Amino acid sequence: MKTFNYHSTKDVKEATKLASSSSAFLAGGMTTIPSMKLGLASYKDIIDIKRIKKLSGIKVSGKSVTIGATTKHAEVANSKEIKKAIPSLAALAEGIGDPQVRNRGTIGGSIANNDPAADYPSACIALNATIHTSSRKISADKFFAGMFETALKKGELIQAVEFQVPEKSCYQKYPNPASRYAIVGVYVAKHKSGVNVGVTGAKSCVYNEKNIVSALSKSFSSSAIDNVKIPSSGMNSDIHASAEYRANMVKIFAKKAVDAC
Amino acid sequence: MASLVGSRVERKEDKKLLTGRGKYTADVTFAHQTYAYFVRSPHARAQIKNVDISKAAKASGVVAVLTGKDIVNDKIGGLIAGWRIKSEDGSDMKVPAHPPLASESVNYVGDHVAVVIAESLDEARNAAELVKVDYKVLKAVVKTDEAMKSDSIYKDIPKNLCFDWLLGDRAKVKEAFDGADKIIKVDLINNRLVPNAMEPRAANADYNPSTEEITLYTTSQNPHLARIIISAFNGVAPENKLRVIAPDVGGGFGSKIYPYAEEVVCSWASKKIERPVKWVGDRTESFLSDCHGRDHVTHAELAVKNDGTFLGFKNETIANLGAYASVFGTVTPTYLFGPCATGVYKMPAAYSNVKAVFTNTAPVDAYRGAGRPEATYTIEVLVEKAARELGMDPAEIRMKNFPTEFPFQQTLVHSVDSGDYNAGLKKAMEVADYKGYEKRRKDSEVNGKIRGIGFCTYFEACGIAPSAVVMSLGCGIGLWESAEVRFNPTGNVTVFTGSHSHGQGHDTTFAQIAADQLGVPLENIEISHGDTDKGPFGYGTYGSRSLTVGGTAIVKACDKIIAKGKKVAAKMLEVNESDVEFKDGEFIVAKSNQKKTIGEVAFACYLPGTYGEVKSPLPEGEEPGLKESSFFDPANFSFPAGSHICEVEIDPDTGTTEVAKYTAIDDFGTIINPLIVEGQVHGGLVQGIGQALYENCHYDDSGQLITASYMDYTMPRADNFPEFKLGFTCTPATSNPLGTKGCGEAGAIASPPAVMNAVMNALGTDISMPATAEKVWNACQKMKKSNSEAA
Ligand SMILES: Cc1cc2nc3c(=O)[nH]c(=O)nc-3n(C[C@H](O)[C@H](O)[C@H](O)COP(=O)(O)OP(=O)(O)OC[C@H]3O[C@@H](n4cnc5c(N)ncnc54)[C@H](O)[C@@H]3O)c2cc1C
């Protein structure tokens, strides 16, 4: 690992001030530290944000669930309030990585990193999330910009993620047998305002699967998906799954999700 | 005293290992320690035009930068192929030079080019980035079945062919095939695997300039072999000036049997800079440079009569050796593979023809089972297909061809001393509830799943020894084992073994044996291994040999202790030696209550005198002390066998295959510790099931390793497995006094075909390992299509 400056702050403003073109925030470190160790990334400044109290915690109101950026996956998985308000969100967190990862990794780190196979981004899409940052609010459909890319500007810090409580929802993940990230993960949510189908793992970036959305908008049942065609173009293809297989799994896991809603 | 042999004694070593008190090579740090980092080839095949170390040598903290040129200048020998194989035409195998640091060419991604030694690991690693290597990149040869048609990697090895080996009689096989009712054929790939020992390889060499002695700590299954190779072949130091210590070692599975470039380089470099040099591999280095396993492409045929009788077998295999011939690289796909490929059956005619090829991939060597998993996979998939094509029950066709008389002269090499294959298979069918299978299949169907059942009946040749036999077949070393049993004056015992424990539980199993032999409590016996300066020479742990060969040496050394003890006890008790009997730790005079415990005798041997009187307890001419050693070279291999039955359940929507039920009935001869044996079977099964369903080492066409981390290499995990149903039958081995047969590899040998036969039974079509979800899903789609066409 290359040497770097380590900063730890209790203040959001200071954190954003410390940020530079060669810095990273350190939340759970579950992505940042392995990439640094493998030599895939190196930074001049590491800014630890775990001591900023207001970034952590869970707030549930009738309509929304707001999760602080440094809240750990395990805290979401075990939160009684979330289990009651949006059980599928707690279940998603329970399915991330392993106990070590869940007890270090954070929601803010996960969505800032925007790994194409990460779980949380699909929840953000399906649950009409609003991302609260140090300078603004960004809606999920504008936040995830591409592979490992987001709408965040340099030094912009995620403070919390606000999810809309749906009528019904379910996340179904088909884990990569090696890494257990999603080969495909499909988050189906039915809101009063309409249906969302957040799909992760399948393409270079999470997306709302419009073909399934329109089928489910007509009839919210798994059989409604039977005749939906999911094109394989634009799907990821690697040693674990071809584009064609992924396209089929999107459909299969969407059906599973609807059935389990 | 109750016998300890056969009882479920908890592992003595676990307290240390599970509480983090083990001492591994990485835990060893010397004063004045330096740290090594290797510059490795990023290319699969390239000429080295120039290596510029000038910048690196000046970097902060750098002590030395050494390259292939220094290796040449210092006349350090290359890494060796330990087994000489001849081709069918009588010509010798062709192997390329394998210098510890390359100076002319690199031949796989990860090949060693230079080493940077610095005051800290970070400094060494940073300076390694400054070593500028000028490569001329060449087209890589990657695929096993294309190697012979590709450019020659080495100019004097045409077609990249190391050897074209034959075992068996082609003419007899042709005759058998001509007279057959049916020929069953399979084309198989035995997928390449990465061993993935939990502890990555490491070395720490400490040269003492005043004694000129090197102490090398290393992650080895076989420290004595490391010493002999590093001194006799690499020429780093004479044997008496090289001490090799393999402390606690976190698994090996074959990949740590022999020394690698890193140990040689660290030892040599330590001598050059007169400071200790430490290298600890990281996980990426393990993936890239540990020897891999398997990698065969096989076409095999079985000639049968319509009633299921086997008439003949042929096996045409291309085996990938990787870039260089590693120590056991050439024997693994020949003598460890060919003979066992006829399986556990009477086979009137057979041959195995193996073409071993070089490719621009990491060297391939022995990996848990070494050759026997590949052999068993070949024959067992073929036999199951024969059953399918003849419409016979898979158990029935096997029983029809089992030998029933022992010793059984197996077709190609082995004389199998004992076994009862029918008993094993019957027991497996009972435990697996074979009768109830059809109901379970229907239940799965109701749930939208496809269930399949697969058998594997196997035998294997392990307890690897007879030195005279293996050396006649080209082995470059003997394969006996040794033990020294040393009573301490106060009556407790230290047993030194030449084998090595890196997870197998020798500390417990060997202590159980010694405890029974000597009548000394288990807790008073310590097992010492892994240090060439302690105890006698040995050939290490692999090929399920430690217990059958090394355990027997302990028994024989104990016999000698007792023989001497009898003489001393007789003198002490003032009776004739012939009147003394030894039982449960006591020397007893027949028909009297006179006795001496073995502890009293040991004490007398070390303190041979009496106060106030000139009187020795030792018979005249007897030496003081109580310590004996023994070397054991068995007359034959040992031949474990067994029957495994696997049931899988496939989800046709996703292609995911779940092992729903797994039954393993094994005959390991006498079992010393069932708890440890079951653990060995569990470990073997998960590795074998891993090979069948998950693991696959994948290089792309340019020779880059795609599966170079756990993000892409699928290690099986606990939640991939059901609870295994294990059971045993026992026909003791006749080739060693314990009657043991070896259990370390059986699970990995038997399970790939059992699982794959179940998958193929479910799908009704051939499918290659690993049966990944997508492959299975594609087969399910085809099945659906042909079903709907039929309807
Ligand atoms: C073995 C393993 C298995 C995993 N499995 C899964 C899985 O199955 N599914 C899954 O979704 N993920 C998985 N992960 C990833 C895991 O969820 C990580 O925790 C997550 O991707 C990053 O979160 P972190 O808190 O560790 O972020 P860090 O590593 O600390 O930071 C990651 C990036 O996010 C930025 N960042 C962090 N916090 C903020 C913030 N508040 N505002 C702005 N930028 C910020 C940092 O600057 C950095 O660039 C796995 C990780 C590991 C190591």
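Below is a table of values for the structure above.
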quantity	calculated
Top-ranked residue in the range A:19-41 [being outside any loop (DSSP other than H, G, I, E, B) and under 18 Å from A:THR70 (Cα atoms); ranked as nearest to the other protein chains (Cβ to nearest Cβ)]	A:ILE33
Residue in the range B:709-723 that is at pLDDT 95 or above and more than 14 Å from chain A (Cβ to nearest Cβ) present	yes
Subset of the range A:127-142 [open to solvent by less than 20 Å² (accessible area, probe 1.4 Å) and within 11 Å of the ligand (Cβ to nearest atom)]	A:ILE131, A:THR133
Of residues in the range A:94-104 being without any contact (Cβ under 8 Å) to a residue 40 or more places away in the chain and either touching a strand residue (DSSP E or B) at 6+ places or on another chain (Cβ under 8 Å) or open to solvent by less than 30 Å² (accessible area, probe 1.4 Å) (or both), the one farthest from the ligand (Cβ to nearest atom)	A:ASN103
Some residue of the range A:194-204 being assigned to a loop (DSSP other than H, G, I, E, B), surrounded by fewer than 22 Cβ atoms within 10 Å (Cβ to Cβ) and either within 16 Å of the ligand (Cβ to nearest atom) or assigned by TED's automatic domain parsing to the domain that holds A:LYS13 (or both)	yes
A:SER88 vs. criteria closer than 24 Å to A:ALA257 by Cβ, more than 14 Å from the ligand (Cβ to nearest atom), under 18 Å from the mean Cα position of the chain (by Cα) and surrounded by 14 or more Cβ atoms within 10 Å (Cβ to Cβ)	yes
Residue selected from the range B:442-467 under the condition free of Cβ contacts under 8 Å to residues at least 12 places away in the same chain and assigned to a helix (DSSP H, G or I), by the criterion least open to solvent (accessible area, probe 1.4 Å)	B:ASP443
All positions within the range A:62-84 that are part of a strand (DSSP E or B), near the ligand (Cβ under 10 Å from one of its atoms) and not small (Gly, Ala, Ser)	A:LYS72
Filter result for A:LYS59 (more than 12 Å from the ligand (Cβ to nearest atom) and either of a type outside the set (Ser, Thr, Tyr) or in a helix (DSSP H, G or I) (or both))	yes
Inter-residue pairs, beta-carbon under 7 Å, first under 17 Å from B:GLY343 (Cα atoms) and in the range B:284-305, second among the β-branched types (Val, Ile, Thr) and open to solvent by 10 Å² or more (accessible area, probe 1.4 Å), 6+ apart	B:GLU301/B:ILE183; B:ALA303/B:ILE183
Any hit, the range A:105-126, residues being buried (at least 23 other Cβ atoms within 10 Å of the Cβ) and away from the ligand (no atom under 12 Å from the Cβ)	yes
Some residue of the range B:640-657 being within 14 Å of another protein chain (Cβ to nearest Cβ), without any contact (Cβ under 8 Å) to a residue 60 or more places away in the chain and open to solvent by less than 40 Å² (accessible area, probe 1.4 Å)	no
Counted residues, the range A:234-251 - those being closer than 18 Å to A:GLY198 by Cβ, assigned to a loop (DSSP other than H, G, I, E, B) and either within 12 Å of chain B (Cβ to nearest Cβ) or without any contact (Cβ under 8 Å) to a residue 40 or more places away in the chain (or both)	2
Spans of strands (runs of 3 or more DSSP E) in the range B:167-224 with at least 2 residues open to solvent by less than 40 Å² (accessible area, probe 1.4 Å) and under 17 Å from B:ALA300 (Cα atoms)	B:182-190
Among residues of the range A:224-233, those that are more than 30 Å from A:ALA112 (Cβ to Cβ), open to solvent by 40 Å² or more (accessible area, probe 1.4 Å) and within 14 Å of chain B (Cβ to nearest Cβ), counted	1
In the range B:225-259, the residues that are assigned to a strand (DSSP E or B) and open to solvent by less than 10 Å² (accessible area, probe 1.4 Å)	B:LEU242, B:VAL244
Matching residues, the range B:694-714, being open to solvent by less than 20 Å² (accessible area, probe 1.4 Å), out of contact with any strand residue (DSSP E or B) (no Cβ under 6 Å at 6 or more places or on another chain) and either farther than 21 Å from B:ALA46 by Cβ or aliphatic (A, V, I, L, M) (or both)	B:THR707, B:TYR713, B:THR714
Test: residue in the range B:763-786 that is part of a helix (DSSP H, G or I), under 24 Å from A:ALA241 (Cβ atoms), away from every other protein chain (no Cβ under 14 Å) and open to solvent by less than 20 Å² (accessible area, probe 1.4 Å)	yes
Residue that is surrounded by the most Cβ atoms within 10 Å (Cβ to Cβ), among those in the range A:165-193 that are more than 15 Å from the ligand (Cβ to nearest atom) and among the β-branched types (Val, Ile, Thr)	A:VAL188
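For (1) away from chain B (no Cβ under 14 Å); (2) assigned to a loop (DSSP other than H, G, I, E, B); (3) touching a residue at least 12 places away in the same chain (Cβ under 8 Å); (4) of a type outside the set (Gly, Ala, Ser), each residue gets a yes or a no:
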{"site": "A:ALA118", "(1), (2), (3), (4)": "no, yes, yes, no"}
{"site": "A:ILE131", "(1), (2), (3), (4)": "yes, no, yes, yes"}
{"site": "A:LEU152", "(1), (2), (3), (4)": "yes, yes, yes, yes"}
{"site": "A:ALA178", "(1), (2), (3), (4)": "no, yes, yes, no"}
{"site": "A:ALA215", "(1), (2), (3), (4)": "yes, no, yes, no"}
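Yes or no, residue by residue, for (1) of a type outside the set (Asp, Glu); (2) open to solvent by 20 Å² or more (accessible area, probe 1.4 Å); (3) closer than 29 Å to B:ILE477 by Cα:
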residue	(1), (2), (3)
B:PHE537	yes, yes, yes
B:TYR542	yes, yes, yes
B:GLY550	yes, no, yes
B:LYS556	yes, yes, yes
B:LYS560	yes, yes, yes
B:LYS566	yes, yes, no
B:ALA569	yes, no, no
B:GLU577	no, yes, no
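The values are calculated or read from the model by the stated rules, or taken from the named source; none is laboratory data. Only a predicted model underlies this, so the values are computations on that prediction, with no experimental measurement involved. All Cβ positions, even for glycine, are placed from backbone atoms using ideal geometry, and neighbour counts span all protein chains on display. For accessibility, only protein heavy atoms count, side chains too; no ligands or nucleic acids. Shrake-Rupley method; radii C 1.70, N 1.55, O 1.52, S 1.80 Å.
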